[in-house]
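In what follows, a single structure is set out as structure tokens and then discussed.
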Amino acid sequence: GPAGFYTAQHILKHHAGARVDIYEKLPVPFGLVRFGVAPDHPEVKNVINAFTQTARSERCAYYGNVTVGKDVTVAELRQAYHAVVLSYGAEDNRVLGIPGENLSGVYSARAFVGWYNGLPENRDLKPDLSCETALILGHGNVALDVARILLSPLHLLRKTDITDSSLAALACSKVKRVWLAGRRGPLQVAFTIKELREMINLPGARPVLNPADFTGLENAIKDAPRPRKRLTELMIKTALEKPGEKMMEVQAVVAQAAAPREWGLKFQRSPQEVLPTTDGRRARGVRMALTRLEGSGDSAKAVPTGDVEELECGLVLSSIGYQSRPLDPAVPFDTQRGVIPNSSGRVEGVPGLYCSGWVKRGPTGVIITTMNDSFDTAQSVLEDLQVGVLDVSASREGFGAVESILGSRGVRPVSFSDWEKIDAAEVARGKAAGKPREKIVDPQEMLQLIG
């Protein structure tokens, strides 16, 4: 993913003798740039060009289809290399921890995103889109992505690299109303203005914001930082805007009958229970505790008031954050914070072991945040080389040593030129359908393709 490639890029650029090997669990590279970024945000994926330059450097090699911690241990890697950097991100999602969470119709936003983006582990998700109302729990950019994909006109999605099967499912979707609910208020939303504006301007979908939620906020944001101020102002403006006054009454009636799709934000609501249908199998709604805020700004806490309300919905998507997992018993892990304990990327108590990206600082921020964070870790590696913390007097075998370990375990790594064959096949399939690419979602098919 981005953390791995940016760390490699920085080390290669600032050290003329360094060689970097990149290991990846899947046959295909780029992590969340490929599997997280929304299909209708192709410009965000341009970083792949820079990553490709890094991978093609003669001092860099890519080995896909290798699961570290299973196919090769961290201890084995540390014997083969002078330094090892863990950049494996956050491949789990936080759970709600409420009754009914496992009913049919309830999904994590992470799995839903993986489904429409062709992440192999989510390819068989088959979300049930037969209801009219969906509820997304969370007020971050991922929540907005999911809402946008659910409500986007098909002609817009057809031109993207969304997977064929999810496009077919969305074509049959009955969802026409999406609520995004959060525990805190408008001043605490985590999404950014670009994503909100895009949602407000989505063709064929009407924003439904309750003006009462925004009363008195103009004063509250006078001294707020500019991004927060602009974001709140956009929500207030949208909440207070009247639908075109000039519209003839006849048109208004017709428009109502056509029932455009709609979406809205609900604040200060904390999910208590997913309510089951009478047969006890499926979700029919969510009971939410109404909350009040203690404190202000980003540190405000949501406290239940004792009042509850039920919201009817047949589809529930929880978008309350990603979570890192411990990879290997040899690596310290802070389960409380979901990160590898480190300082500037140096793993605590394990010299020569480093981390970068979400597993280093938690699952927040955009690609540029991860870039800076990875450069910071790379800098730590370079400093440790300079001052002799890393002993490079004895040479290490690198992939030579790992290759024989993988061979003995029947694991066949995929090279970057192998990936380029998969890439070419995907682009060719996409071209036939008028898309930038048609992703291959089955790892076995990928491996067959490269022989």
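Worth pointing out:
- Hey, residue 229 assigned to a helix (DSSP H, G or I), among the charged types (D, E, K, R) and farther than 16 Å from residue 141 by Cβ or not: yes
- Flag for residue 375 being within 23 Å of residue 31 (Cα to Cα), under 22 Å from the mean Cα position of the chain (by Cα) and aromatic (Phe, Trp, Tyr): yes
- Residues satisfying the stated conditions in segment 64-116, i.e. β-branched (Val, Ile, Thr), more than 21 Å from the chain's Cα centre (by Cα) and more than 22 Å from residue 333 (Cα to Cα): 98
- If you go through segment 397-438 and keep only what is free of Cβ contacts under 8 Å to residues at least 12 places away in the same chain and within 18 Å of residue 57 (Cα to Cα), you end up with 417, 420.
- The set of residues from segment 309-342 being in contact with a strand residue (DSSP E or B) (Cβ under 6 Å, 6 or more places away or on another chain), closer than 24 Å to residue 389 by Cα and assigned to a loop (DSSP other than H, G, I, E, B) comprises 340, 341.
- Options 54, 67: the member that is more than 30 Å from residue 152 (Cα to Cα) and in contact with a helix residue (DSSP H, G or I) (Cβ under 6 Å, 6 or more places away or on another chain): 54
- Selection of first residues in segment 178-194 that are in contact (Cβ under 8 Å) with a residue 40 or more places away in the chain and closer than 11 Å to residue 231 by Cα and of second residues that are polar (S, T, N, Q) and open to solvent by 10 Å² or more (accessible area, probe 1.4 Å), restricted to Cβ pairs under 7 Å at least 6 apart or on distinct chains, gives the following pairs, ordered by first then second residue: 191/141; 192/141.
- Residues within segment 93-115 that are out of contact with any Phe, Trp or Tyr (no Cβ under 7 Å at 6 or more places or on another chain) and either surrounded by fewer than 17 Cβ atoms within 10 Å (Cβ to Cβ) or of a type outside the set (A, V, I, L, M, F, W, C) (or both), tallied: 13
- Exactly one residue out of 284, 292 is charged (D, E, K, R), closer than 25 Å to residue 216 by Cα, at pLDDT 95 or above and in a strand (DSSP E or B), and it is 292.
- Sole exception among (1) over 30 Å from residue 3 (Cα atoms); (2) open to solvent by less than 60 Å² (accessible area, probe 1.4 Å) for residue 292, by number: (2)
- Scanning segment 77-114 for residues that are among the hydrophobic types (A, V, I, L, M, F, W, C) and within 28 Å of residue 278 (Cα to Cα) returns 95, 96, 98, 103, 106, 109, 111, 112.
- Top-ranked residue in segment 310-339 [being in contact (Cβ under 8 Å) with a residue 40 or more places away in the chain and open to solvent by 50 Å² or more (accessible area, probe 1.4 Å); ranked as farthest from residue 110 (Cα to Cα)]: 330
- Residues of segment 47-72 that turn out to be crowded, with 19+ Cβ neighbours inside 10 Å, of a type in the set (S, T, N, Q) and part of a loop (DSSP other than H, G, I, E, B), as a count: 1
- Helices (runs of 4 or more DSSP H) contained entirely in segment 390-450, each with at least 3 residues that are surrounded by fewer than 16 Cβ atoms within 10 Å (Cβ to Cβ) and either charged (D, E, K, R) or assigned by the TED database to the domain that holds residue 41 (or both): 399-408, 416-433
- Segment 343-377 - residue that is open to solvent by less than 60 Å² (accessible area, probe 1.4 Å), assigned to a loop (DSSP other than H, G, I, E, B) and not polar (S, T, N, Q) and, of those, nearest to residue 329 (Cα to Cα): 350
- Among the candidates 85, 142, residue that is assigned by the TED database to the domain that holds residue 374, under 30 Å from residue 43 (Cβ atoms), open to solvent by 10 Å² or more (accessible area, probe 1.4 Å) and aliphatic (A, V, I, L, M): 85
- Every residue from segment 295-308 that is open to solvent by 50 Å² or more (accessible area, probe 1.4 Å), part of a strand (DSSP E or B) and of a type outside the set (Ser, Thr, Tyr): 301, 304, 306, 307, 308
- For first residues located in segment 45-69 and touching a residue at least 40 places away in the same chain (Cβ under 8 Å), partners that are part of a loop (DSSP other than H, G, I, E, B) and among the aromatic types (Phe, Trp, Tyr) and lie 6+ apart or on another chain with Cβ distances below 8 Å form the pairs 51/30; 68/88.
The values are calculated or read from the model by the stated rules, or taken from the named source; none is laboratory data. All of these numbers come straight from a predicted model, not from anything done at the bench. Cβ atoms come from the backbone with ideal geometry, glycine included; neighbour counts cover every protein chain shown. Calculation scope for accessible area: heavy atoms of the full protein, side chains included, ligands and nucleic acids excluded. Shrake-Rupley method; radii C 1.70, N 1.55, O 1.52, S 1.80 Å.
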